[in-house]
Amino acid sequence: MEYFGSCLCKGVKFKVIGDFEDFYLCHCRYCRKDTGASHAANLFAKKAKIEWIKEETKIKTFQPPKSNHVKAFCTNCGSALPNLQMGGNLLVVPAGCLDTSLEMRPDAHIFISDKANWDESLDEIDKFERFPE
Ligand SMILES: [Zn+2]
Ligand SMILES: [Zn+2]
């Protein structure tokens, strides 16, 4: 399988060749800060390879001290981007930066012990196609 992805400003474009083994929605405090949302949605691959197609803007990596959390982002638009962890053996791809549609469903919610107090039964609240009138 091949997946294409990019950041918001399109300064960075990449291709992932291979398959993802795991897809987790992480509610930990690092992922909440990192994304500004209730959880991160990350794909994990041990065998897939990443090819950077375009690196017009710089990619920066940040790791909070004493944590395993890694955030890679475009220094122009701030979008989350793929990164390699575990000494380059684990490719982590934020699902939202993919342009290829993903047929995979998330495997699990993780670190729910850390979730925000408003992050509860979110499926039950109103849904609108666009911004509500
Ligand atoms: Zn960008
Ligand atoms: Zn997390």
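The values are calculated or read from the model by the stated rules, or taken from the named source; none is laboratory data. Nothing here was measured: the structure is a model prediction, and the numbers come from that model. Neighbour counts run over all protein chains shown; Cβ positions are idealised from the backbone, glycine included. With ligands, DNA and RNA removed, areas are computed over all heavy atoms of the protein, side chains included. Shrake-Rupley method; radii C 1.70, N 1.55, O 1.52, S 1.80 Å.
Within segment 1-27, residues that are in contact (Cβ under 8 Å) with a residue 12 or more places away in the chain reach partners that are within 16 Å of ligand 2 (Cβ to nearest atom) and polar (S, T, N, Q) with beta carbons closer than 9 Å, at six or more positions or on different chains, in the pairs ASP22/ASN42; PHE23/ASN42; TYR24/ASN42; LEU25/SER38; LEU25/ASN42; CYS26/ASN42; HIS27/SER38; HIS27/SER113. Of all the criteria given as (1) within 15 Å of ASP99 (Cβ to Cβ); (2) crowded, with 18+ Cβ neighbours inside 10 Å; (3) more than 14 Å from ligand 1 (Cβ to nearest atom), the one not satisfied by GLU2 is (2). Do you know which residues across segment 14-33 are open to solvent by 40 Å² or more (accessible area, probe 1.4 Å) and either closer than 20 Å to HIS109 by Cβ or in contact with a Gly (Cβ under 6 Å, 6 or more places away or on another chain) (or both)? Selection gives GLU21, ASP22, TYR24, ARG29, TYR30, ARG32, LYS33.
Restricting attention to segment 34-43, does a residue exist that is open to solvent by 40 Å² or more (accessible area, probe 1.4 Å), modelled with pLDDT of 95 or more and within 13 Å of ligand 1 (Cβ to nearest atom)? No, because not a single residue in segment 34-43 is open to solvent by 40 Å² or more (accessible area, probe 1.4 Å), modelled with pLDDT of 95 or more and within 13 Å of ligand 1 (Cβ to nearest atom). In a residue-by-residue description of segment 35-53, the property of being part of a helix (DSSP H, G or I) and either touching a residue at least 40 places away in the same chain (Cβ under 8 Å) or among the charged types (D, E, K, R) (or both) applies to at least one position. In the set (1) within 16 Å of ligand 1 (Cβ to nearest atom); (2) closer than 14 Å to PRO94 by Cβ, the condition left unmet by ILE53 is number (2). Here ILE53 fulfils each of the conditions (1) in contact with a Phe, Trp or Tyr (Cβ under 7 Å, 6 or more places away or on another chain); (2) under 30 Å from ASN117 (Cα atoms); (3) open to solvent by 90 Å² or more (accessible area, probe 1.4 Å) apart from (2). When residues in segment 68-106 are screened for being in a loop (DSSP other than H, G, I, E, B), under 18 Å from LEU25 (Cα atoms) and open to solvent by less than 40 Å² (accessible area, probe 1.4 Å), 4 of them pass. Has segment 86-94 got at least one residue that is hydrophobic (A, V, I, L, M, F, W, C), within 13 Å of ligand 2 (Cβ to nearest atom) and modelled with pLDDT of 95 or more? Yes, the conditions are met somewhere in segment 86-94.
A single entry from LEU91, LEU81, LEU102 fulfils the requirement of being touching a helix residue (DSSP H, G or I) at 6+ places or on another chain (Cβ under 8 Å), in contact (Cβ under 8 Å) with a residue 40 or more places away in the chain, under 14 Å from TYR3 (Cα atoms) and away from ligand 1 (no atom under 16 Å from the Cβ): LEU102.
Of all residues in segment 105-129, those that are under 30 Å from MET1 (Cα atoms) and in contact with a His (Cβ under 6 Å, 6 or more places away or on another chain) total 1.
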